[in-house]
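Shown next, in structure tokens, is the structure this report addresses.
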Amino acid sequence: MQSGDRTHIGWCCKQKRGINLERQNENLCTVYIKKAKSALNMLSSATEKDELDWIATTAYYARYFSFYALLQKCGIKSEIHDCTISLMRFLFVEEEMIEEQFYKELLLAKELRVDVQYYVTEELDKKKLKADAETARKFVLRIEQAIEDITEEQIKKIREKLKRVMK
């Protein structure tokens, strides 16, 4: 099962904290963008201090929070990270609203965060982490642009696509 496919999304919709449709929420959208920017600020600090664990963590959460802001704008909630990330591909990449490279970046950032959090005995790839950190800011900017550009018609289409899988 590939992350982002209909089967996985369908499974996510059946989970207690999985994917749900709610009312669109501009306020929460704004809050999550602020959280993404806060994570970027912490990322800058972690990078300056060579705090590799925190570079991976803050780079991931900057991306995750920004994408979650877009979901809030569309009235979509998901508390399972893998399900949230799958929504990026299923609803936004497949609909050509966000480029696939950003989906792949989010997947890689999650993988790096998990590696530094749970596999502490492995040598961390400093170059890989720093490269990931450098692209996090561009990711957040791209998602902010998507939030600004998305139309009510596109939101309706996204919600309808999700409803079809939820049945």
Review point. Being touching a residue at least 60 places away in the same chain (Cβ under 8 Å), touching a helix residue (DSSP H, G or I) at 6+ places or on another chain (Cβ under 6 Å) and either surrounded by fewer than 14 Cβ atoms within 10 Å (Cβ to Cβ) or assigned to a helix (DSSP H, G or I) (or both), is that true of even one residue in the stretch 21-32?
Key: yes
Review point. Taking the stated definitions as given, is Glu122 modelled with pLDDT under 95, more than 17 Å from Ile33 (Cα to Cα) and within 17 Å of the chain's Cα centre (by Cα)?
Key: no
**Study point:** Filtered residues of the stretch 44-64 (kept if among the aromatic types (Phe, Trp, Tyr) and at pLDDT 95 or above)
**Key:** Tyr60, Tyr61, Tyr64
Review point. Does Phe67 satisfy being farther than 29 Å from Lys14 by Cα and modelled with pLDDT of 95 or more?
Key: no
Exercise for review: Hey, can you tell me all the residues within the stretch 138-167 that are surrounded by fewer than 16 Cβ atoms within 10 Å (Cβ to Cβ) and under 19 Å from Ala56 (Cα atoms)?
Suggested key: Lys138, Leu141
Check your understanding: Going by the conditions given, is Lys73 surrounded by 15 or more Cβ atoms within 10 Å (Cβ to Cβ), basic (Lys, Arg), farther than 30 Å from Lys167 by Cα and at pLDDT 95 or above?
Key -> no
Revision key, fill the gap. Counting only residues in the stretch 34-70 that are closer than 26 Å to Lys163 by Cβ and not small (Gly, Ala, Ser), the one farthest from the chain's Cα centre (by Cα) is identified as Leu70
Review point. Counting only residues that are over 17 Å from the mean Cα position of the chain (by Cα), modelled with pLDDT of 95 or more and assigned to a helix (DSSP H, G or I), which one in the stretch 125-154 is nearest to Cys83 (Cα to Cα)?
Key: Gln154
Check your understanding: Does Met88 satisfy being assigned to a loop (DSSP other than H, G, I, E, B) and either at pLDDT 95 or above or in contact with a Gly (Cβ under 7 Å, 6 or more places away or on another chain) (or both)?
Key -> no
Exercise for review: Determine the pairs where a residue that is assigned to a loop (DSSP other than H, G, I, E, B), located within the stretch 64-82, has a partner that is crowded, with 24+ Cβ neighbours inside 10 Å with Cβ atoms under 6 Å apart, the partner being 6 or more residues away or on another chain.
Suggested key: Ser78/Ile19
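The values are calculated or read from the model by the stated rules, or taken from the named source; none is laboratory data. All values derive from a computational prediction rather than experimental measurement. For neighbour counting, all protein chains shown are included, and Cβ atoms are generated from backbone atoms with ideal geometry for every residue, glycine included.
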